[in-house]
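One structure is given below, encoded as structure tokens.
The values are calculated or read from the model by the stated rules, or taken from the named source; none is laboratory data. If you're wondering where the values come from, they're calculated on a predicted model, not measured in any experiment. We place every Cβ from the backbone using ideal geometry, glycine too, and count neighbours over all the protein chains shown. To get the accessible areas, we keep the full protein, side chains included, count just its heavy atoms, and leave off ligands, DNA and RNA. Shrake-Rupley method; radii C 1.70, N 1.55, O 1.52, S 1.80 Å.
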Amino acid sequence: MSDTASRPGPSTAANGPALLEEAYRKTTWRLIPFIFVCYLFNYLDRVNVGFAKLEMLDALQFSETIYGLGAGIFFIGYVTFGVPSNLILQRLGARRWIAVMMMAWGSLSACMLFVTTPTEFYVLRFLTGVAEAGFFPGMVLYFTRWYPSQRRGQVMALFMAAIPVSGLLGGPLSGWMLSHFGHGQGGMDGWQWLFLLQGLPTVFLGLAAIFYLTDDVAQARWLGADEKAAVQDALARDERERPAGAQAAQPLRALLLDRHVWMLGFIYFSIKMGAYAINFWLPSIIQALGFEDPGTVGWLSAIPYLFACVFMVLVGRSADRRRERRWHLSAPLLMALAGLLMAANFSNDVVIVMVGLSLATMGALAGLPMFWPLPAAFLSTAAAAGGLALINSLGQVAGFVSPFLVGWIKDATGSTDAALYILSSVLFVGAMLVLAVPARLVNR
């Protein structure tokens, strides 16, 4: 494309704001629905083991500790390969690498139906973590190539609403699968059908990504030349306006020594500790209230996620409108803390436990998209590929610690209450660290 074709025409200057809004309207409708569905299946494939557990443990004679270790070992692979995967994405382009990752993890997730021993369980969970490692940080990096910082709060909230939606839809769907296929159809148990039917769609979505996604603005066929120029100008202006101290590019080795990266990594760790405890143990906590039917557990598990869907979007819009980031992150974390304490202190009261679990789910899941504008304040575009992946990997350590800790405590004490107290303490520390971040860096 020539310079003349890519340069804004006369109408751009006169209608700059309107042109930019129209360009972002087209971009959002083009990208977000498809990426949302991809992330929905990403999360289903990651946490459906929480529902499979309801039958899988008895069928395979696994203990709670074996389950917790298997659920968590996924994140050893995830953390180990997070940074390399994102650097490969930087080299190959988002479209091709995202497609490869999705086809790989969908196939591995479906293969979980063949598990018969703890070792097979651990190996498949580890390999699935390796395959998924670059998807989320790759998406965060992908958005930085399309949206300036003042638009990312709402975009991240829309994208990450796939997490509660995966619970909202996945809970009843998983419960139905366990009940419907619980009679040995095709020679398989319900939990085996669950892995198969939730893994295969991801493979087909990966194939679709090759043809549907576009690596950057310059290749966006749905935007006119003036619209492309307007978006590129907005991204360049956002980079120039980055606060002092965030402009310089940092090599990866410097990021490993950067105290801000470690602080952000621990904040994300604290959020993930709460979120993964809910993802992996919500069905078991509800079952412990006296609900044995998998279908009933599935429908009840959807309630906290329903409230979280609405809450996430409202918090994202409020943060962008007010250009305030710290309290829009720390307040949901404190709300999650309060919800976990309610569930632990009133564990025999079904209503109070469900209210507590709903508050915990709303707060922890709303904290996920509200976190990601923070790293953008500290990382230049040049450092983003490695920096975002490193912060994500540090946070994802919680994916190993949280389910294993809860499983070990439940085997040792017969209850999850002590684990909920520990998780609450971690959330409190994370909320306090958020408030220690200078407002001038993140409130934009």
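General remarks:
- Checked against the criterion of being modelled with pLDDT under 75, under 28 Å from Val130 (Cβ atoms) and either of a type in the set (Gly, Ala, Ser) or open to solvent by less than 20 Å² (accessible area, probe 1.4 Å) (or both), region 392-400 has no qualifying residue.
- Scanning region 179-188 for residues that are within 21 Å of Thr116 (Cβ to Cβ) and assigned to a helix (DSSP H, G or I) turns up Gln185, Gly186, Gly187.
- Among the criteria (1) modelled with pLDDT under 90; (2) surrounded by fewer than 20 Cβ atoms within 10 Å (Cβ to Cβ), the one Ala319 does not fulfil is (2).
- Hits in region 189-220 - residues which are under 25 Å from Leu113 (Cα atoms) and open to solvent by less than 10 Å² (accessible area, probe 1.4 Å): Gly190, Trp191, Leu194, Phe195, Gln198, Gly199, Thr202, Gly206
- Of the residues in region 82-92, at least one is more than 27 Å from Leu405 (Cα to Cα) and of a type in the set (Gly, Ala, Ser).
- Scanning region 264-308 for residues that are open to solvent by 20 Å² or more (accessible area, probe 1.4 Å), part of a helix (DSSP H, G or I), of a type outside the set (A, V, I, L, M) and modelled with pLDDT of 80 or more yields Phe266, Phe269, Gln287, Thr296, Trp299, Phe307.
- Val313 under 18 Å from Gly171 (Cα atoms), crowded, with 18+ Cβ neighbours inside 10 Å and touching a residue at least 40 places away in the same chain (Cβ under 8 Å): no
- Test: residue in region 327-342 that is open to solvent by less than 50 Å² (accessible area, probe 1.4 Å) and modelled with pLDDT under 85: no
- The set of residues from region 55-69 being farther than 20 Å from Cys111 by Cβ and surrounded by fewer than 24 Cβ atoms within 10 Å (Cβ to Cβ) comprises Asp58, Gln61, Ser63, Glu64, Thr65.
- Only one of the listed residues (Arg125, Arg46, Arg96) is modelled with pLDDT under 85 and charged (D, E, K, R). That residue is Arg46.
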